[in-house]
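What follows is a single structure, written as structure tokens, with notes after it.
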Amino acid sequence: DSLLLADTGESVYHLLILLSLEAVVLMALMQWSTIRNLEHRQILAAYIVLALVRAVMLAAVWVPPLASVAPVISALEPASLALLVWATICLIQNEATRRLPLLVGLLVAILICTAVLLPGWDRALMNQPGLRYRVYWQQSFWYALCVVVALIPLPIALRQPRSGTRTRFAVAFTALSVGFLLLFVSSLMLVRGGRPDYNDGESALILVALGYASIIAGYLVLVVNAYCGVVHGMWELRAELQGMSEEALHHTQELSFLVETTQAIGSSLDLDTILHRVVEGAALALGADRGAVLLIDADSPHWAQVAAHYALLKQKNNIERPMVALVEHPPLDQAIESGQQLIINSRVEALPLEPIYTLLGSSRVGPVIVQPLRRQSRALGVLIVGNDYSQQTFGADQARLCQSIAVQAAAAIDNARLYRDLAAQTRQLAELLQAQKESGREQTAILESIAEGIIASDPDGRVKIANVAAEKILGVPRSRMLGLLLDRLMSQVSPRSDADWRSVAHSQMSLQTVLRLQNKIVYIHSAPVLTASGEYRGTVAVLRDITKETEAERAKSDFITVASHELRTPLTTIRGYAEALSSGMAGQVSDTQYHFLRIIRDSALRMANLTENLIAVSEIEKDFLRLDYEETDLHLLIGDVVVSFQSQLEDRQIEIRLDLDATLPMLIADRARIRQILDNLVSNAIKFTYPGGRITIGACALHEASDAGPSQCAISVADTGIGIMPEEQARIWERFYRPSNPLAEESGGLGMGLSIVRSLTEAHGGRVWVESRPGVGSTFTVLLPIRPTEHADG
């Protein structure tokens, strides 16, 4: 055998192919480690199997025992070629899974052929034990099969678009096909009739050498193709990574701009500073020439205020803040109404840009972004950025970045406004609190300077306010009073007080009472504190020390009482002697003397009545009034009264009439007090009736349905005098009150008569009232019980 036909040449052949496959395995491993997808992993596995198969074939050359299974070893050649075809098709079409049936079919066919050819080889070895498989006819069959397998990827590669990869694949498998074809021809030359024939050894040697070279060249082209594929993949990966890095850098820059703008916006709560930073940050982030922010006027939503303006080229931030009408700027109005960003990159869009750039301080126009500023569905304003110098259009990335800036800007503007409003409200509240403190100090000063004591309680009845005067009057420190229940405080300072302070502290009724302390007398007037809506807020009590006034009043009352008692006896004497003289008991008197004696008697009678009234007032004030009940005949009593006033009636030419019920029963009452009531009523009627008038005195019994006899009697004194004004009728019962009319000034008097009438009537358990019309007259009616009531004094 020649060198190429010996084991050495075949070993070199397998070794070179193995090295080529190892190179392809390494490059496939590099590509799979970079891309790591399913197709590249399957291709890498295929090339590893190819390398292992080729290593087995190389080992079989040097292991003689394997000669008995030479068909199996030779079958590895088409099998490995089939695996190479499958990997190649996967690379060309990226359909590793779909081409798997082709591989399985080829391997099954090769396995069947091996099973068929192996018995024939065994019989050949039995006939010729030293026979070489390469010179046996089965070798030609394997080479022919390799030619068929190597031709399979050629049409697939040629249908691909023209490229270096397609050309290299076509060249590689063409070389493999030619190489195996040459080996097929050389094997036919070495075998004639199924028997070894070495006559054509030199020609076969040439064909074998060319076949080996062609096959090795094909594998080398596959190595080159794999290398080119790796390099191309690396360049594609580099380009992809570069694109990704550029995009990431771009996004990083946008994010950096957004973060810096957000930090700048959020670092202040001053609205002017925030607006300036918003416009500056937006212009820098978007690469714009200039920008502005317009804030919508809360009072007039159709007007906006140019709150900030910034230009990167020539102009500075504007100080003036003009008001602009949104209807004059359709793009602004449209963006605010819709809440959508508006990008105008060309004037073809037929939107007027000149007014917008006039706001931006430029006479030229260019691309512009109108970005509405909204916060929780509320329109706050609009952000405008434009490129009047560079004329660069705005893209989707810039639009997205502008929207992000607008979100942060709207939040900052809203927070700044809230902070500004809160600051203003805080200042107003501080001023109000200061004013309240001043007012409180002033009220405290006024409260402390009042001479009367002031005590105020809360709705629960606990004392919350007490002034210095209250401390002095009650003799209790303020620290002990505060927080103490009002009724408990009053019960401590005056245990004998009859006032129900507990009910006063929780009701809406006022109370007037007198506290008698150890060495002083205190007059207290308490009243509920009510809001405008009627809500009860507590009780306020005014305390006044009336010790001196009470002592002076007591001294005055004592003096009047003593003087009245001292005057009663001489007046009675004067009146008696005057009546005796006028009646002729001491001798005949002339008309002139009779006139003088009557004047003396009438004056004494008036002074006696005045004295009786003073004594009655004193007794009423001191609660010393006592009634001596006895049977009283009203007919006789009224007759005596008329007789006592007869001279006054004649002097004033007043007619008197009596209208007395004949069935009037005896009245159980204090005769002297009833006479005093009648004297005061008749005296008043005479005073306030013009001469020529008339006075009518009436008395009748009143019956009730449930009683068999009369239970009350009514005594009336009616006159035709001047009458009483309606606004004065309630005050005539007050002590020392005198109506404002000429007759009252002419008649004199102290204004005590009607007060005494009411007190004496109520002491008997009755009541008195008046019916009067100015210019017509008055009627006073006294209603008395026939018998004493349980409420009358006995």
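The values are calculated or read from the model by the stated rules, or taken from the named source; none is laboratory data. What you see is a predicted model, and the numbers here were worked out from it, not measured in a lab. Methodologically, a virtual Cβ is constructed for each residue, glycine included, from the backbone with ideal geometry; neighbour enumeration extends over all protein chains shown. Note: accessible area is taken over every heavy atom of the protein model, side chains too, but ligands, DNA and RNA are not part of it. Shrake-Rupley method; radii C 1.70, N 1.55, O 1.52, S 1.80 Å.
Each residue of region 518-527 is assigned a 3J(HN,Hα), and the resulting list reads 5, 10, 7, 10, 10, 8, 10, 10, 10, 8 Hz, derived from the Karplus form 6.51 cos²θ - 1.76 cosθ + 1.60 (θ = phi - 60°), x at Gly and Pro. Which pairs in the list Lys464/Lys520; Lys437/Lys548; Lys437/Lys520 are over 29 Å apart, alpha-carbon to alpha-carbon? Over 29 Å Cα-Cα: Lys437/Lys548; Lys437/Lys520. 3J(HN,Hα) along region 392-397: 6, 7, 9, x, 5, 5 Hz, from the Karplus curve 6.51 cos²θ - 1.76 cosθ + 1.60 with θ = phi - 60°, whole Hz, x for Gly and Pro.
The label-point distance for Arg427 and Ile546, in a model that sets each label 7 Å from Cα toward Cβ, rounds to 5.5 nm. For Arg374, the amide hydrogen comes within under 5 Å of the amide hydrogens of Leu380, counting only partners 5 or more places away or on other chains and with H modelled in the peptide plane. Heavy-atom surface analysis with a 1.4 Å probe gives region 361-519 a carbon and sulfur content of 50 percent of its accessible area. Amide H contacts of Gly538 (H built 1.01 Å from N, in plane; Pro and chain starts excluded): Val529 sit under 5 Å, all sequence-distant by 5 or more or on other chains.
Sequentially through region 410-427, phi angles give Karplus couplings (6.51, -1.76, 1.60; θ = phi - 60°) of 4, 5, 5, 5, 5, 5, 5, 5, 4, 5, 5, 5, 5, 5, 5, 5, 5, 4 Hz, Gly and Pro residues having no value and appearing as x.
A protection proxy built from the mean count of other Cβ atoms within 10 Å ranks the segments 142-155, 391-404, most packed first, as 142-155, 391-404. Across the protein chains, with a 1.4 Å probe defining accessible surface, the residues Tyr419, Tyr389, Tyr212 rank Tyr419, Tyr389, Tyr212 from largest area downward. Modelled spin-label separation between Leu636 and Trp769, with each label point placed 7 Å from Cα along the Cα-to-Cβ direction: 3.3 nm.
Under 5 Å from the amide H of Tyr690 lie the amide H atoms of Ile722, each residue being 5 or more positions distant or on a separate chain, with H modelled from the backbone and absent for Pro and chain starts. Highest mean first, the peptides 328-338, 583-593 sorted by other C-beta atoms within 10 Å per residue fall in the order 328-338, 583-593. Our estimate of slack between His525 and Ile206, defined as 0.36 nm per intervening residue step minus the Cα-Cα distance, is 100.3 nm.
The portion of the accessible surface of region 659-699 made up by carbon and sulfur, rounded to a whole percent, is 53 (1.4 Å probe; DNA, RNA and ligands excluded).
Annotation: Phe596 carries an accessible surface of approximately 120 Å², with a 1.4 Å probe and no ligand, DNA or RNA atoms counted.
Computed from the C-beta positions of Tyr690 and Leu658, the FRET efficiency with R₀ = 22 Å rounds to 0.55.
Dipole magnitude for region 363-476: computed about the Cα centre from +1 point charges on Lys and Arg Cβ and -1 point charges on Asp and Glu Cβ, it is near 600 debye.
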